[in-house]
Amino acid sequence: MSQKYSAGLVSRRFWFPEFKLYIQLRLEGNTDSDIKFKNQNENIFLASSSNRQVEIYQSVKRRVKVLDQSGIELFNELDVDNQKLFNLSSVLILNNLFADFMKEIYAKKIRNRDMYLSKIDYRSFFTEKQKASEEIKQWKEYTIKRLIAVYHTYLSEAGLVIENNSFDELTPKLLDKRLIQWLIDHDRKDIVIGLGGNLS
């Protein structure tokens, strides 16, 4: 069965503070409907427009939903580095293409002790995917460029790279064992590997 890919990330941000706030509200007993109401009436995510207000709510809600209750409770126990990785993990669960990038490019770099990501590395990933996927082959050049920029931004905001002249320097984080176990329990060993974690 062929993998389904989406370019949906082009319009979405990392939204870590929003993700964290959504989880805090859930832990305080608010339902998704309660949070939707607060968002509509109080603009709790400080969106710049009503359309953005809706987009942030819907996107962050989807990310939090994949965590389930155990993940929501675990998030609150993690340090900030691992909370950011949990946010990133929720994105990877929802986006197969980005998950492939982490496993096939980011993690491979770490294994090879090659701690730099170049623009060519980003580009070659999409070139290979275009060869293998009719869906991605149809994407416009603009879409590819936007996704490359989004991947770079997500990795930077998650603390996994630092921009260094024309390269991104890899700065992998130590994954909390509880986050690793949560991902394993949810059949996402590939994300543990993609984040540079160890399954043993």
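Annotations
- Within region 36-90, considering residues that are in a helix (DSSP H, G or I) and of a type in the set (Phe, Trp, Tyr), the one surrounded by the fewest Cβ atoms within 10 Å (Cβ to Cβ): Phe37
- Flag if Glu157 is over 18 Å from the mean Cα position of the chain (by Cα) and of a type outside the set (A, V, I, L, M, F, W, C): no
- Hits in region 113-132 (condition: over 16 Å from Lys103 (Cβ atoms), hydroxyl-bearing (Ser, Thr, Tyr) and open to solvent by less than 60 Å² (accessible area, probe 1.4 Å)): Ser118, Thr127
- Residue match in region 157-164 (condition: assigned to a helix (DSSP H, G or I), closer than 21 Å to Ser90 by Cβ and touching a residue at least 12 places away in the same chain (Cβ under 8 Å)): yes
- Annotation note: of Phe98, Phe45, Phe125, the sole residue that is in contact (Cβ under 8 Å) with a residue 12 or more places away in the chain and either in contact with a strand residue (DSSP E or B) (Cβ under 7 Å, 6 or more places away or on another chain) or over 25 Å from Asp190 (Cα atoms) (or both) is Phe45.
- Odd one out for Tyr5, checked against (1) within 30 Å of Trp139 (Cβ to Cβ); (2) exposed (fewer than 14 other Cβ atoms within 10 Å of the Cβ): (2)
- Residue tally, condition in a helix (DSSP H, G or I), more than 21 Å from the chain's Cα centre (by Cα) and of a type in the set (Lys, Arg), over region 112-132: 1
- Among the residues of region 164-193, the one identified as under 18 Å from Phe16 (Cβ atoms) and either open to solvent by 60 Å² or more (accessible area, probe 1.4 Å) or of a type in the set (Lys, Arg) (or both) is Lys173.
- Any hit, region 141-154, residues being in a loop (DSSP other than H, G, I, E, B) and within 13 Å of the chain's Cα centre (by Cα): no
- Of everything listed in (1) within 26 Å of Asn198 (Cα to Cα); (2) among the hydroxyl-bearing types (Ser, Thr, Tyr); (3) surrounded by 14 or more Cβ atoms within 10 Å (Cβ to Cβ), the single unmet condition for Thr143 is (1).
The values are calculated or read from the model by the stated rules, or taken from the named source; none is laboratory data. No experiment lies behind these values; they were computed from the predicted model shown. For neighbour counting, all protein chains shown are included, and Cβ atoms are generated from backbone atoms with ideal geometry for every residue, glycine included. Each accessible area value is taken on the protein alone, full model and side chains, heavy atoms only, with ligands, DNA and RNA left out. Shrake-Rupley method; radii C 1.70, N 1.55, O 1.52, S 1.80 Å.
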